[in-house]
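Here the structure is laid out as C-alpha cells; the discussion comes afterwards.
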Amino acid sequence: MVKFSREYEASIIPEWKAVFVDYKCLKKLIKRIKIARRDAGPPPLLAAGETGSSYGFSVLDPVRSIAARFAAHHAAASSPEGEEESLESDSGELVRSTDKHEQEFLEKADEELDKVNKFYLRILADVKRILADHAAASSRRGRGRALGRANSMPPPSPSVNGSSGRHLLSGLASPQSMSDGSVELQQARVAEGAAVAEEVMAALERNGVSFVGGGLAKAKKDGSGKQLMGRAALLQLPATVRIDIPPTSPGRAALKVWEELVNVLRKDGADPAAAFVHRKKLQHAEKNIRDAFLALYRGLELLKKFSSLNVKAFTKILKKFVKVSEQHQATDKFSEKVKRSPFSSSDKVLQLADEVECIFLRHFAGNDRKVAMKYLKPQQPRNTHMITFLVGLFTGTFVSLFIIYSVLAHVAGIFSSTGSPTYMDIVYHVFSMFALISLHVFLYGCNLFMWKSTRINHNFIFDFSSSTALTHRDAFLMSASIMCTVVAALVINLFLRNAGATYTDALPGALLVLSTGVLFCPFNIFYRSTRYCFMRVMRNIIFSPFYKVLMADFFMADQLTSQIPLLRHMEFAACYFMAGTFRNQAYETCTSSPQYTHLAYVISFLPYYWRAMQCLRRYLEEGHDINQLANAGKYVSAMVAAAVRFKYAATPTPLWMWMVVISSSGATIYQLYWDFVMDWGFLNPKSKNLWLRDQLILKKKSIYYVSMMLNLALRLAWAQSVMKLHLGRVESRLLDFSLASLEIIRRGHWNFYRLEHEHLNNAGKFRAVKTVPLPFRELETD
C-alpha cells in the first residue's frame, strides 16, 4: 500500500507546490512529539492539579478523568460564538500545559491553513463585488447601450492586473493576478461582454460563420421581442471583446463595425481572396476563444484538485496528531476550523466549472456531450507493456545486427588501410546521419524520463497535448527502431557488395526515401501528431522572423545548433543522390566543387542565423527586452567563430590559427555565461546553495557542479580544430563522428537544466495554466 505522503507528493500541482500544505514538515513535528513522549516515559493517569491530591491511585480515578473531559467538552460546546477566535487560545492553553512540541505543531498547522486559505481567497476575493457591479450596471442600462459598454465601463480597481484584460485566465499565469482573484475575475469579465458576445456570434452564424461541432444556439425572446440572456450565455466571451468605438453614438458605431466585418464574407462581388483571408482570421479567432475556455476549465479543475488534496492532507495529519498526542479537544476544534475554511466549504469553483462546461457544450460541441468531454477532459493514454516489449525487441535486434556487421566488415577489410575508400566516403555520411538522429531521440527520451521523475511539467512548458505527447518509452522505441533499421541496411549493403551486385550504393538512398515517406505519411500511424508537430516547428524555425516564437520553436532551434554535422551529412546525401552521381561514384563532385564548399558555409551558419532571428523577433514582441538582443549576440559570435574556423581550414596559417583561438574562446565564454546564468540560473553569489540557485529539484548538489564542469569540457571541443592531428581516413571519420556525438550528449544534458529552470520560474509565479491571447483589442479607458 502506497503511503499517503508519497501519494500526496505525486498528486500536487508542481507549479503550486509552495501553497500546498507542507505535509512533510507537519509529519516531522509529529515525529518530534512521539520521540519526546517516549523519552519522558508513560504519562500519569491523572494530574495532581486536577484532583487536588497526589496520593496514589484510586478506583474512582477513571470516572473522574472521564467526567473532567466531558465537562471541558460541554463548556466548549456551550459557547459557539467566537469559537474560531478562541480556537488558538483554547488549544494553546491545553497544549502548553502538556508539551511544547504539540504547541509547535498546532501553530505550524494553523500557519499552513492560513496559507492555503489566503491563496484560495486571493482567487475568489473580488468575484462577488464584480458580479454585483455587473448586475447593477445591467439593470441600469438598456439593450441598446450594451454594445457601448466597453466605453462606459469604470476604470479597473488598482488591485486588478491591468494587463490581464488581453487574456482569458491570465490570473492563473502571473503572481500579481494570482493575488487579485483572477480566475473569478476573468469570469466576471466574461460576464461583462455577454451582451456583445450574444449578438456578435448570432450575426456571424447568420452570415455563414459556423462554430466547431454545430451552430450557435438561439437566444430566447420574451413577449416584447427582446433577447433574454440565459445563465449559460453569461460566460460566452470575456470583457476583452472590445472595439474601438468613439464616445459619440457608441451603439450605432459598434453595429456598423460588426456589420462591415460580417458582410465582407457574404457581399456580392467580394474578392474571393479577401473573403478567404477574413474567414481564416475568424476561424483563428474562434480557435483562440475555444482554447481560452479550455484553459479556463483546466484552471477550475486545478482549483478543485487543490481544495480536495489540502482537505485530505489536513485530515490525515490530524489523525496522526491525535493518535500520538491524545489532544482530542484541540484536534476537534482544528478540524472544525478546516471544515469552515473557504477552500473546503466553498462550492463557487464547482458552479463555475459547470457553467463553463455548459457553455462549451452549447457553442463548441453542438450539444454533444461526448465531443465536449473529449476537449474538456481528454483521456490520458494508457500505458501498455507492448511498447516496452518492442523497445526490448528492437534493442536486442540492433545489438545482434551490429555484432554481425562488425564481424563481416572486419572479414571484408572494409576499415583497413587497404579497404575501399569509396565505401567509407559514401556509407559514412548516410548512416552517420541516422545514427546522430537516433542518439538525439534517445537522449530526448532520457530527458522525458528525468522530467517525469522530477515532476517537471514539460508538456505544459512546450504546450503539448498530454493525450498525444511522446513519453520516454515512445522516444526509446523510435530510437531503437531507427538504429535497428539502419544497421540492418548496413548488413544488407555489405552482403550485396561482397556478392558483386550492382548499384549497391542505392540502398542508402532507398533508406532516405523510406524515412522521408514515413515523416510525411498522412495516415494516423507512426506517431502522426508528433511528426506533424515536428514539421510545424521546423516551418516556424525556417521562417523565423515571420512566425511568433514559442517555447517549442526556440528549444528545437537550439537543438539544431548542436546538429550542424547532421546538416552537413544531409547536404552530402542530397548532392550525391539527387545529382545522380551514384552511377559513377564521383565522390569528388560533392566535396571539392566551389558550390559545395559555399553551401557548406551556409549550412553551418543557418541554425545560428535562425536562432538569432528568433531572438530579434522576441525582442520586438516582448517590449524591447535587452536580454533578447544579448542572446542574439551570442549566436552572432558563434557564426563569426565558425566562419574563422572555415577560413583556417582552407588556409592554415599561424595568423588564422590565432584568430580561431581568439574568436572561438570569446564565443565559448559568451556561451558558457549564458548557459550557466541565463539558461540554468546558476552562478548566483547570494544563493543559499553555493554558486547555484536557491531552488534545486535534484537533492544532491554535487550533480549540478559536475554538470557545470561537463558542460565546460564539451564546449571546448572546438580545440581539436587547431591541433595538428595526423590521422588516417577511418580515424578521422571516427573522430568527427565522436565529436558530433559528444555535442549531442552535451545538448541532451543541457536540456534537463534548461527546463528545470523554466519550471521553477513557472512555479515561482504559480503559472499552471497557459495564457491564451484573445483575438480582440482592449480599449483604453480614461
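The values are calculated or read from the model by the stated rules, or taken from the named source; none is laboratory data. From a predicted model like this one, the values you see are computed outputs, not experimental measurements. Here Cβ is always computed from backbone atoms with ideal geometry, including for glycine, and neighbour counts include all displayed protein chains. These accessible areas exclude ligands, DNA and RNA; they are computed on the full protein's heavy atoms, side chains included. Shrake-Rupley method; radii C 1.70, N 1.55, O 1.52, S 1.80 Å.
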Hey, any hits in segment 646-667 for a residue that's more than 33 Å from the chain's Cα centre (by Cα) and among the charged types (D, E, K, R)? yes
R455, sole failed condition from (1) of a type in the set (D, E, K, R); (2) crowded, with 19+ Cβ neighbours inside 10 Å; (3) under 32 Å from the mean Cα position of the chain (by Cα): (2)
Here is a list of conditions, (1) at pLDDT 85 or above; (2) open to solvent by 20 Å² or more (accessible area, probe 1.4 Å); (3) part of a loop (DSSP other than H, G, I, E, B), and R382 meets all of them except one; can you say which number that is? (1)
Any idea how many residues of segment 458-469 are open to solvent by less than 30 Å² (accessible area, probe 1.4 Å) and either of a type in the set (D, E, K, R) or assigned to a loop (DSSP other than H, G, I, E, B) (or both)? 1
Does any residue of segment 411-422 turn out to be touching a residue at least 40 places away in the same chain (Cβ under 8 Å), part of a loop (DSSP other than H, G, I, E, B) and within 34 Å of the chain's Cα centre (by Cα)? no
If only one of L714, L698, L739 is more than 25 Å from V644 (Cα to Cα), of a type in the set (A, V, I, L, M) and at pLDDT 85 or above, which one is it? L698
Considering segment 720-732 alone, what residues qualify as being under 22 Å from V660 (Cα atoms) and in contact with a helix residue (DSSP H, G or I) (Cβ under 8 Å, 6 or more places away or on another chain)? Q720, S721, V722, L725, L727
Of residues in segment 480-509 being open to solvent by 40 Å² or more (accessible area, probe 1.4 Å) and free of Cβ contacts under 8 Å to residues at least 12 places away in the same chain, the one nearest to the chain's Cα centre (by Cα): L496
Can you tell me which residues in segment 650-696 are open to solvent by less than 40 Å² (accessible area, probe 1.4 Å), touching a residue at least 24 places away in the same chain (Cβ under 8 Å) and assigned to a loop (DSSP other than H, G, I, E, B)? W680, G681, F682, R693
Filtered residues of segment 548-581 (kept if free of Cβ contacts under 8 Å to residues at least 24 places away in the same chain and outside any helix (DSSP H, G or I)): A579, G580
Of the conditions (1) open to solvent by 60 Å² or more (accessible area, probe 1.4 Å); (2) at pLDDT below 80, D368 satisfies every one except a single condition; which number is it? (2)
Can you tell me which residues in segment 728-746 are of a type outside the set (D, E, K, R), without any contact (Cβ under 8 Å) to a residue 12 or more places away in the chain and open to solvent by 70 Å² or more (accessible area, probe 1.4 Å)? L734
Filter result for L390 (open to solvent by 30 Å² or more (accessible area, probe 1.4 Å), part of a helix (DSSP H, G or I) and of a type outside the set (F, W, Y)): yes
Filtering segment 714-727 down to residues that are surrounded by 11 or more Cβ atoms within 10 Å (Cβ to Cβ) and of a type in the set (A, V, I, L, M, F, W, C), which residue is farthest from V677 (Cα to Cα)? L727
In segment 397-418, the residues that are modelled with pLDDT under 80 and closer than 17 Å to F737 by Cβ: I414, F415
Condition check: within 20 Å of W610 (Cα to Cα), in contact (Cβ under 8 Å) with a residue 12 or more places away in the chain and assigned to a helix (DSSP H, G or I). Does K647 satisfy that? no
On the given criteria, is S307 over 30 Å from R37 (Cα atoms), among the small types (G, A, S) and surrounded by fewer than 16 Cβ atoms within 10 Å (Cβ to Cβ)? no
Could you look through segment 759-782, keep only residues that are closer than 23 Å to W674 by Cβ and surrounded by fewer than 20 Cβ atoms within 10 Å (Cβ to Cβ), and pick out the one that is modelled with the highest pLDDT? L760
